[in-house]
Amino acid sequence: MKFPTSELNEYYNSRDTLKGIFSVFGDFGVGKTTFALQTAINCAKLGKSVIYVYTKPNLPFEKILIINKFSKEIYDNFLFIHIVNFNELYNLIFNFEFLILEHLTQNKPKFSLIIIDSITNLYRLELNKDNKEKNYSLNYQLNQMLANLTYLNERYNIEVLIVNEISR
């Protein structure tokens, strides 16, 4: 993964144990999406293919348009997906392997990075304090998604960046 600052790259590249899945979290509006998009652009500049999944209701068009300003090769390295409910996200993550394999059979560059911005946003919208059974099911699904992302990281050597908001 090529982060947008040299300090982060130096820090993470110096540690062998920190490979594969990264989580970025913070309060609303601190720049998590900007950071994730910059990371995706940096990876695309290196010729790496990126899947970017955005789960919030309002797409950050002004930030996404920045990607269009780059060369066609960089733009072609992006697969941008907008998801609007938790079940869609769950199904997408479980079908990533088919997408990855289809990409490989078409002799396209392998995906190097998956960004989920944010994995818990839609999850929190579905939680219901009066329905514990549904919440157990949602927790199970969230754990399955994380397990599948871990599998994709290990099986296909695809790095994963997960963006989350802090909730209290």
Checklist entry - Among Lys108, Lys134, which is the only one that is outside any helix (DSSP H, G or I) and basic (Lys, Arg)? => result Lys108
Checklist outcome for this item: Filtering the stretch 89-116 down to residues that are surrounded by 15 or more Cβ atoms within 10 Å (Cβ to Cβ) and over 18 Å from Leu161 (Cβ atoms) yields Tyr90, His103
Checklist entry - Restricting the search to the stretch 78-111, which residues are closer than 16 Å to Tyr151 by Cβ and in contact (Cβ under 8 Å) with a residue 12 or more places away in the chain? => result Tyr90, Leu92, Ile93, Phe94, Phe96, Glu97, Leu99, Ile100, Lys110, Phe111
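Among the helices (runs of 4 or more DSSP H) confined wholly to the stretch 10-88, which include 3 or more residues that are exposed (fewer than 15 other Cβ atoms within 10 Å of the Cβ) and modelled with pLDDT under 80? Walk me through how you get there before you give the answer.
Values: elements: 32-45, 61-68, 72-76.
Because the criterion is at least 3 residues that are exposed (fewer than 15 other Cβ atoms within 10 Å of the Cβ) and modelled with pLDDT under 80, the helices (runs of 4 or more DSSP H) in the stretch 10-88 that meet it are 61-68, 72-76.
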Item to check | Cross-chain or 6+ apart pairs with Cβ under 7 Å, the stretch 119-137 first and under 25 Å from Val160 (Cα atoms), then of a type in the set (Gly, Ala, Ser) | outcome: Arg124/Ser167
Checklist entry - Taking the stretch 117-168 as the search range and keeping residues that are small (Gly, Ala, Ser) and surrounded by fewer than 20 Cβ atoms within 10 Å (Cβ to Cβ), which one is farthest from Thr105 (Cα to Cα)? => result Ser167
Checklist entry - Only one of these conditions is not met by Phe94: (1) closer than 21 Å to Ala40 by Cβ; (2) under 18 Å from the mean Cα position of the chain (by Cα); (3) not β-branched (Val, Ile, Thr). Which number is it? => result (1)
Checklist entry - What single numbered condition from (1) at pLDDT 85 or above; (2) crowded, with 18+ Cβ neighbours inside 10 Å fails to hold for Lys2? => result (1)
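The values are calculated or read from the model by the stated rules, or taken from the named source; none is laboratory data. If you're wondering where the values come from, they're calculated on a predicted model, not measured in any experiment. With ideal geometry, Cβ positions are generated from the backbone for all residues, glycine too; neighbour counts draw on all protein chains shown.
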